[in-house]
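Just dropping this structure here.
The values are calculated or read from the model by the stated rules, or taken from the named source; none is laboratory data. This one's a predicted model, so the numbers in the text were calculated from it and none came from an experiment. For neighbour counting, all protein chains shown are included, and Cβ atoms are generated from backbone atoms with ideal geometry for every residue, glycine included.
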Amino acid sequence: MSNVYTRWLPLALVMGAIGYYFWYLLRYALNIPYQDEIYDVLGFLSEVVKSEDWRTTVQLFFIKWNEHSTASTRLVYYLSYRLFGEVNFVTLTMLANTALPVFVGLLYLRLRDQNYRWLILLPVIFTLFSFRAYYAALWSMTAFAYFYVLVYGFCCIYCLHNLTRLRLLLAIFFGALATFSLASGQLVWLAG
């Protein structure tokens, strides 16, 4: 089979799909808090800004929202706020959706020795970067929760392959991040 059809065309389709996805997000994401973002993003950040000592600040990161412990996501909210000086929900949406290319990059690392790696990745790209789940893609809080649980879980399992002490510590770290991003992230420990 020609190198054009097994490598360059699938690679162009992969890059095109990812580029279109992020263009769409940039075009249609709104800088308006939606549902839980009022409490778990704006409410959390206003409490952190008002807190007077570091213990209170740390406690605020670990307060549950509904049944979810969202400390790892709150850390991203806080860092984004500190870096940009404001809460911008378009920026948060873009940051949340970066989990998908990270996931694809990690998957590529597992497939890089395969002859038809780009052909193998093509259905993954069209599945992940479709707007079938546009609700999750355009709502930053949901995107952080669902997409990063996927990444943290994959990182955990990736680290457990060819186990060393450092990889075990990294797997524990990613398992903790998954646990503190969505309630279902606790299942990463079982999968690991």
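Check off (1) surrounded by fewer than 12 Cβ atoms within 10 Å (Cβ to Cβ); (2) modelled with pLDDT of 80 or more; (3) of a type outside the set (F, W, Y) for V14 and give me the number that stays unchecked.
That leaves (1) as the condition not met.
Output the residues belonging to the stretch 76-105 that are among the β-branched types (V, I, T) and outside any helix (DSSP H, G or I).
V87, T98
So is L187 assigned to a helix (DSSP H, G or I) and at pLDDT 85 or above or not?
So L187 fails the test.
Confirm whether L45 is assigned to a helix (DSSP H, G or I) and among the aliphatic types (A, V, I, L, M).
yes
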